[in-house]
1. Would you call K166 touching a helix residue (DSSP H, G or I) at 6+ places or on another chain (Cβ under 6 Å), open to solvent by 20 Å² or more (accessible area, probe 1.4 Å) and in contact (Cβ under 8 Å) with a residue 24 or more places away in the chain?
2. Any idea how many residues of segment 243-261 are among the polar types (S, T, N, Q) and modelled with pLDDT under 90?
3. Residues to consider are L119, L95; find the one that is more than 30 Å from F213 (Cβ to Cβ) and touching a Leu at 6+ places or on another chain (Cβ under 8 Å).
4. Tell me, which strands (runs of 3 or more DSSP E) lie completely within segment 120-218 with 1 or more residues that are acidic (D, E)?
5. For segment 323-338, state whether one or more residues are crowded, with 19+ Cβ neighbours inside 10 Å, at negative phi and in contact with a helix residue (DSSP H, G or I) (Cβ under 9 Å, 6 or more places away or on another chain).
6. Residues of segment 169-188 being surrounded by 24 or more Cβ atoms within 10 Å (Cβ to Cβ) and either of a type in the set (D, E) or over 12 Å from the mean Cα position of the chain (by Cα) (or both), which ones?
7. Are there any pairs, at least 6 apart or on different chains, whose C-beta atoms fall under 7 Å, with the first in segment 184-203 and over 30 Å from A352 (Cβ atoms) and the second part of a loop (DSSP other than H, G, I, E, B) and open to solvent by 30 Å² or more (accessible area, probe 1.4 Å), and if so, which?
8. Is it true that some residue in segment 77-95 is at pLDDT below 65, surrounded by 12 or more Cβ atoms within 10 Å (Cβ to Cβ) and not in a strand (DSSP E or B)?
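The values are calculated or read from the model by the stated rules, or taken from the named source; none is laboratory data. Note that the structure is a prediction, hence the values are computed from the model and not measured. No Cβ is skipped: glycine too gets one built from the backbone with ideal geometry, and neighbour counts run over all protein chains shown. Side chains included, ligands, DNA and RNA excluded: accessible areas come from the protein's heavy atoms. Shrake-Rupley method; radii C 1.70, N 1.55, O 1.52, S 1.80 Å.
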Amino acid sequence: MSSILKKILLVGTFFVLLSANAQDKATLDLLVSKGLISRQEADELSKKATVVDAKQSTTKSVKLSGRIQVQYQNIHTSETVGGVSRNLNTTNNFLLRRVFLGMEADLESGWSAKIVTDLCRSSEGYNYLDVAHLSKKLQYDILNGTVDIGYKKIAFNIEETISNSKLFTPERSLATRFFSEGNNGRRLGIGGRHTGVFWQGKIQEFDGLKYGFSITNSYNNYPASAPEYAKEGLLYAGNVAYEKKFENKSSFEVGLNFAYTNATNTAGTKGNVNGDIIAFNPYLKARYDNFSLWTEVLTARMSNAVNNYTDSSTPVGVNVGLEYRFDIGELGQVAPTLRYSWLDTDGRGIKASDGIRNADSNGATFDWGQSIYIGFKWHIIGDDLKFQMGYEWGQLEDSPTDSMQSQRSTSNAVRAQMQILF
């Protein structure tokens with residue numbers, strides 16, 4: 001089935017369901033206009049009505065959701081390599097960044113299911129799935145939590161696990177993209193979406209203490225099958241955190257995420273060397289009134305990673321993000337935002353296009369880099385309707401293979417994005 005036909009079927013199904021619900025509302029409005037029921041009775045019936053008439057009698061409710069993000073981007077990159085400076089192609093366009101359609105079904109006995117599709121995602125192996133899993137809630141003296149079976153993000157890399165609808169910035173950072181975007185011989189591909197079994201639980205005796213673990217395929221972003229060149233093997237991830245909530249919407253959370261796999265194709269291409277990765281991700285999230293802060297460290301030990309895939313490498317990354325929301329009455333809130341990201345690839349190498357989304361690259365790789373984002377958000381109706389705009393400066397330095405060669409890449413990116421959630 002062609003990708004276009006798949007999109008048409010998905011969109012058609014979604015709007016048929018919305019139409020059915022709209023007809024129910026129209027019927028209630030007609031009954032009110034005829035004086036057969038009161039407006040209060042109609043509102044009560046509307047609240048109690050199931051949004052979708054599910055096929056299976058065991059389905060208690062089905063909830064629909066959607067997300068649309070429209071983005072403008074202007075990105076310019078220049079590079080100096082071998083003493084030669086050149087300006088690369090400028091990106092200057094509008095795009096539909098994300099168009100999500102989602103469904104959640106609540107079944108009996110603690111079972112549920114969730115499916116979210118992204119109609120704007122490339123079909124290069126990633127398919128159009130964002131999330132697809134079934135879940136079971138367990139509430140016992142010892143076990144208290146939820147098990148998910150399917151396709152979702154593992155608990156690694158805090159910025160990667162923050163929903164893209166709630167990010168401080170339109171795009172994720174240099175360090176996050178290096179550690180969690182798909183393995184291409186430079187990026188590591190540790191975080192992000194994997195297929196497998198996930199557990200997230202709480203310790204009842206210690207209020208605020210939570211933990212989790214997962215066993216998944218080692219390759220991310222391939223829900224149905226790994227790419228041809230992927231080695232067989234699994235990825236084991238775990239996390240532990242302590243969260244404390246206070247009055248005035250204040251809270252803090254400190255935690256540690258961990259991941260290990262012995263089955264990563266280190267070059268990201270067919271027929272290359274297999275290696276293992278062990279990765280750690282300590283982090284802190286804090287909120288005081290309208291001020292929010294998060295910070296994390298990303299580090300990994302990867303074998304067969306550099307020098308023609310014969311030596312080990314230990315990349316390190318740091319992210320810091322903060323915002324402050326000012327109330328502006330009926331107009332909502334405005335929030336200045338700041339994010340800093342730093343990365344040392346330890347010889348693994350990174351291109352401008354690896355770290356700054358849609359930036360151009362002349363093929364040169366660099367050893368380390370940093371980026372600064374400054375912008376603002378206008379929360380018209382919270383995160384349900386918001387506009388954000390900002391500028392990101394990114395710079396990569398030095399050669400990953402020749403310590404004597406000085407080279408540099410500089411990117412300047414301006415992005416604006418409108419979002420609606422429903």
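1. On the way: touching a helix residue (DSSP H, G or I) at 6+ places or on another chain (Cβ under 6 Å): no; open to solvent by 20 Å² or more (accessible area, probe 1.4 Å): yes; in contact (Cβ under 8 Å) with a residue 24 or more places away in the chain: yes.
Here the answer is no, as K166 does not meet what is asked.
2. If we filter segment 243-261 for residues that are among the polar types (S, T, N, Q), which is where we start, we get 248, 250-251, 257, 261.
Still in the list and also modelled with pLDDT under 90: 248.
Count: 1.
3. Numbers: L95 fails: touching a Leu at 6+ places or on another chain (Cβ under 8 Å).
Going through L119, L95 in turn, the sole match is L119.
4. Details: elements: 129-139, 144-153, 193-202, 209-217.
Result: 129-139, 144-153.
5. no
6. Across segment 169-188, the qualifying residues are L174, A175, F178, F179, L188.
7. Sorted first by the residue in segment 184-203, then by its partner, the pairs are G201/L143.
8. Start the filter on segment 77-95 by keeping residues that are at pLDDT below 65, which leaves none.
Scanning segment 77-95, I find no residue that is at pLDDT below 65, surrounded by 12 or more Cβ atoms within 10 Å (Cβ to Cβ) and not in a strand (DSSP E or B), so the answer is no.
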